[in-house]
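Trainee: For reference, the structure I am asking about is given below.
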Amino acid sequence: QVQLVESGGGLVQPGGSLRLSCAASGRIFSIGAMRWYRQAPGKQRDLVAAVTTGGSTNYVDSVKGRFTISRDNAQNTVTLQMNSLKPEDTAVYYCNAEMSTVLPNIRNSYWGQGTQVTVSS
C-alpha cells in the first residue's frame, strides 16, 4: 500500500520553529513534484511550497524567507522547515506527491493524512 505519512506538527509560540517531514512508502517507481499544502479552519486548502525532482522550489508569498522545503530523493522524503512562525500559519498541513505506483510512466497525486500546526502564545 502506497502512502504518505507526515510528522512534526504541534503547538509552538509565535516566532518559533517547527520541522515537518513526510515519507513516501510502498511500491513506488518514481516521484515527481512534492508539495506542502495547508488548510485553516473554514478555508480552502492552499499550496504553501513545492519542490521538483531536481530541487527547484517555489513558495507562496506569505512564507517566503521563513519556510524552506527540501527533499531527499534516496529516502523518498520531503521536509518543510518553518521558522518565524506566526499565528496565521496555524492550519492542518498536508503533504502531496506525484507518484508512479502502478505503471512507471503514469503518475497520480497522493496525499498524506495531515498534521496540525498551531501557533499561539
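The values are calculated or read from the model by the stated rules, or taken from the named source; none is laboratory data. What you see is a predicted model, and the numbers here were worked out from it, not measured in a lab. Please note: Cβ atoms are built from the backbone with ideal geometry, for glycine as well, and neighbour counts cover all protein chains shown. Please note that ligands, DNA and RNA were not included when accessible areas were found on the heavy atoms of the full protein model with its side chains. Shrake-Rupley method; radii C 1.70, N 1.55, O 1.52, S 1.80 Å.
Trainee: Those residues that are assigned to a strand (DSSP E or B), over 12 Å from ALA40 (Cβ atoms) and modelled with pLDDT of 95 or more, I need them from region 105-121; list them, please.
Mentor: Selection gives SER109, TYR110, TRP111, THR115.
Trainee: What about SER62, is it open to solvent by 50 Å² or more (accessible area, probe 1.4 Å) and either modelled with pLDDT of 95 or more or out of contact with any Leu (no Cβ under 6 Å at 6 or more places or on another chain) (or both)?
Mentor: yes
Trainee: Within region 26-43, take every residue that is among the basic types (Lys, Arg) and surrounded by fewer than 17 Cβ atoms within 10 Å (Cβ to Cβ) and give me the one that is farthest from VAL60 (Cα to Cα). I'd like the intermediate steps shown before the answer.
Mentor: Going residue by residue through region 26-43, those that are among the basic types (Lys, Arg) are 27, 35, 38, 43.
Checking which are surrounded by fewer than 17 Cβ atoms within 10 Å (Cβ to Cβ) leaves us with 27, 43.
Details: ARG27: 31, LYS43: 16 Å.
The residue in question is ARG27.
Trainee: If you go through region 76-103 one residue at a time, how many are over 15 Å from GLY8 (Cβ atoms), open to solvent by 50 Å² or more (accessible area, probe 1.4 Å) and modelled with pLDDT of 95 or more?
Mentor: 4
Trainee: Something else about it: Report those strands (runs of 3 or more DSSP E) wholly inside region 1-84 carrying at least 1 residues which are touching a Ser or Thr at 6+ places or on another chain (Cβ under 8 Å) and under 23 Å from LEU103 (Cβ atoms).
Mentor: By residue number, 3-7, 18-25, 30-39, 67-72, 77-82.
Trainee: Please count how many residues of region 85-104 are touching a residue at least 40 places away in the same chain (Cβ under 8 Å), in contact with a strand residue (DSSP E or B) (Cβ under 9 Å, 6 or more places away or on another chain) and assigned to a loop (DSSP other than H, G, I, E, B).
Mentor: 5
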